[in-house]
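Written below as structure tokens is the structure these notes are about.
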Amino acid sequence: MAANNSSSLGWDEISANNITNTAGLDQTFCEKLASVPSVLFLNKDMLALEAQIVFTALACIYIGSYGSLRRPPSAKPPKPSKNGNKKQAEEREDQHVSGLLPSDAILFPIMAGTTLIGLYYLIKWLEEPDILNRILKGYFSTMSLASLGKLIADGLSVLTGFIFPSVWTNGYGKIYHIDPEKREQRYVKSGTNDQILDKKKISPLPGPLSELQLSDKTIQWLWEIRRLLLEHWTVRLVVHGLVKENLGVKFNDIVGVVFALGANILYYTTDSMLLSNMLGYAFSYTGIVLLSPTTFATGSSVLFGLFFYDIVMVFYTPFMVTVATKLDAPIKLVFQGPGKASMLGLGDIVIPGMFVGLCLRFDHYMYYYRQLKFKKVELETNDASSGQVVTTSKTAQMLIKPDYVNPRGQWGDRFWGTKLSNMLSPDATPALLASAFPKPYFHAAMAGYFLAMVATLLMLLTFNHAQPALLYLVPGVVLAVWITGAVRGELREMWTYTEDGSLDQEDIIAEVDENGKIIGGVEFKNKKDEDDKEKSADEKSKKTEEKGSDGAATVEKEENSKAERYPVFLLSIEAPTP
């Protein structure tokens with residue numbers, strides 16, 4: 001994590017090259033540990049850099065974990081939107097991401113080790129790795145375009161939510177709702193759910209800003225900006241014979257891609273440490289958002305596999321340090337201080353971060369899981385084994401899932417629509433209430449990560465030697481989560497939770513114990529499979545009708561289509577209709 005200005009460190013190790021060596025080499029471990037306060041006092045600048053690194057790592061994991069939230073399988077899917085672009089975006093957010101497999105616990109360390117050793121010998125063969133650095137710089141510039149674009153777009157969306165929230169509360173506790181369709185503001189009448197129009201507030205601005213005396217033209221301009229920022233645009237891409245896509249995006253997504261393209265060009269043509277860190281933030285954010293350990297067992301296995309890999313590569317081989325000190329690529333976060341530099345590899349953020357993100361999604365799952373209700377149903381079965389059809393019936397329990405409320409993008413509404421004393425438990429809207437779900441596993445994982453980072457720094461200062469951060473981070477995060485599950489008596493729920501889509505069922509007939517806990521499922525209906533079957537049947541029927549149509553009409557249709565013009569290449573961006 002810390003290094004002098006003449007060298008850089010591995011993406012998952014910590015070095016103590018610039019720490020004042022105040023502890024004698026012949027001191028015992030306890031004596032070295034006792035000397036840590038004096039070492040910290042003599043290295044205040046370095047301590048400030050380390051604190052900055054720790055805070056940055058925690059912020060990346062925190063933001064990435066919230067960005068990875070999606071509908072849990074314990075909640076019912078929301079009703080599809082009538083707006084085509086909005087419906088497409090909702091379906092895209094509801095998709096299951098590609099998860100890790102148990103075999104990845106073995107494959108990840110092998111692949112990482114093979115790559116690292118290959119780079120090591122390539123550097124030795126080249127002697128001066130300037131060409132390799134250029135290639136890697138171009139590669140990371142290209143690959144980070146989508147990552148940086150998403151990070152910028154999500155950041156702009158949060159900022160937009162602060163400027164144009166959908167709800168806000170005044171100093172007297174009166175809740176105002178902003179209606180973008182009617183372009184008006186309504187407040188909730190005390191003691192009721194009735195919303196009353198406030199004719200004095202005609203702009204989309206919240207709080208004291210709503211009292212500003214603005215011209216009609218300015219107010220119309222503000223409403224139009226709000227609409228363009230929050231509604232979905234359409235990006236059309238057509239390459240004849242290859243691609244035909246209509247993608248629903250928001251204006252912030254378009255701006256994010258443009259800014260990301262400019263930042264990548266600047267990064268490739270300059271040696272800016274700021275831009276390198278920006279790419280590092282983007283890789284960390286998207287890595288945590290997109291990578292899913294699938295289950296707690298798989299995540300724990302993968303983390304401990306990389307735990308042993310990290311120890312071997314840092315303590316017993318020269319591969320890690322050599323590759324990290326020779327290559328100049330955005331695979332670490334670097335902070336400069338007066339005469340010193342401090343850094344942390346992206347692996348120390350993404351690897352534990354994807355497990356922390358799993359914990360937050362599990363908290364989200366448990367929030368809806370505790371709201372499951374049971375409905376008694378009569379099941380009838382026919383038995384013809386005796387030669388006669390015998391119908392038997394029994395009473396069973398059907399699981400009724402609660403409706404899902406998307407908690408994402410509520411930061412602006414929480415800021416404007418919640419009193420400071422009630423900031424941790426907002427309830428102005430169902431979305432705000434859903435965003436404040438309990439997060440015991442997420443908080444435990446974040447606390448474990450923080451304590452493990454502190455332990456890493458203590459070992460760094462005590463031994464004055466490079467330390468593999470995963471040596472402390474993996475046990476700190478994984479053990480904190482499993483201990484939390486044991487204390488809460490939810491180990492069974494942790495073990496059975498999976499993000500492979502198998503839990504996302506409807507009409508589940510469940511077996512419950514005397515306490516109302518689910519102990520098994522009897523039968524279920526997979527909504528996704530049924531939708532796929534219906535879609536396939538519709539397409540098949542449509543093809544059959546087309547084949548059975550009149551031959552002459554088909555020939556005439558083909559001749560007409562040949563006469564029509566078609567785009568060879570088309571790229572267009574269409575704004576939402578007023």
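The values are calculated or read from the model by the stated rules, or taken from the named source; none is laboratory data. Only a predicted model underlies this, so the values are computations on that prediction, with no experimental measurement involved. Cβ atoms come from the backbone with ideal geometry, glycine included; neighbour counts cover every protein chain shown. We work out accessible area using only protein heavy atoms, side chains counted, and drop any ligands, DNA or RNA first. Shrake-Rupley method; radii C 1.70, N 1.55, O 1.52, S 1.80 Å.
Divided by 2.2 N^0.38 Å, where N counts the residues, the Cα radius of gyration of segment 242-345 comes to 1.43. Highest average first, the peptides 429-437, 219-227, 368-376 ordered by how many other beta carbon atoms sit within 10 Å of their residues are 429-437, 219-227, 368-376. Rounded to the nearest whole Hz, the Karplus-based 3J(HN,Hα) values (6.51 cos²θ - 1.76 cosθ + 1.60, θ = phi - 60°) of segment 400-416 follow the sequence 10, 7, x, 5, 8, 10, 5, x, 6, x, 9, 5, x, 5, 5, 5, 8, with x at glycine and proline. Projected onto its three principal axes, the C-alpha set of segment 281-334 covers 36, 28, 12 Å, listed from the longest axis down. Scanning residues 5 or more positions from LEU346 or on other chains, those with amide H under 5 Å from its amide H are LYS332, LEU333, with H placed 1.01 Å from N in the peptide plane.
Just to make sure I understand: if all protein chains stay in place, what is the order of VAL478, VAL405 by accessible area at 1.4 Å, largest first?
The most accessible residue leads, giving VAL405, VAL478.
When the square roots of the Cα gyration tensor eigenvalues are ordered a ≥ b ≥ c, the ratio a/c for segment 114-158 is 1.5 or more and a/b exceeds b/c, which makes its shape prolate. For the cross-link pairs LYS217/LYS250; LYS44/LYS332; LYS373/LYS439; LYS199/LYS250; LYS189/LYS375; LYS76/LYS250, the ones whose C-alpha atoms lie over 28 Å apart are LYS199/LYS250; LYS189/LYS375. With a 1.4 Å probe and every protein chain kept in, tell me what percent of the accessible surface of segment 213-304 is carbon plus sulfur. On segment 213-304, the fraction of accessible area on carbon and sulfur atoms equals 69 percent.
How big is the Kirkwood radius of segment 147-280, worked out from every pair of different alpha carbons and given in Å to one decimal?
For segment 147-280, inverting the mean 1/r across all distinct Cα pairs yields 17.8 Å.
Taking amide H positions as modeled 1.01 Å from N, with prolines and chain starts lacking one, the residues under 5 Å from GLY337 and 5 or more places away or on another chain are SER342. Near the amide H of GLN467, within less than 5 Å, lie the amide hydrogens of ILE14, SER15, all on another chain or at least 5 residues away, with H placed in the peptide plane. Counting only protein heavy atoms and a 1.4 Å probe, segment 268-314 has 34 square angstrom of accessible area per residue. Considering only Cα atoms, the convex hull volume of segment 426-479 works out to 83 Å³ per residue.
In sequence order, segment 357-365 has phi-based couplings of x, 4, 5, 5, 5, 5, 4, 4, 4 Hz under the Karplus curve 6.51 cos²θ - 1.76 cosθ + 1.60, θ = phi - 60°, and Gly or Pro positions carry x.
Compute the signed sum of charges (Lys and Arg +1, Asp and Glu -1) over the other residues within less than 13 Å, Cβ to Cβ, of LYS137. Result for the neighbourhood of LYS137: -2.
As a size descriptor, the averaged projected area of the C-alpha convex hull of segment 97-204 was calculated at 13.9 nm².
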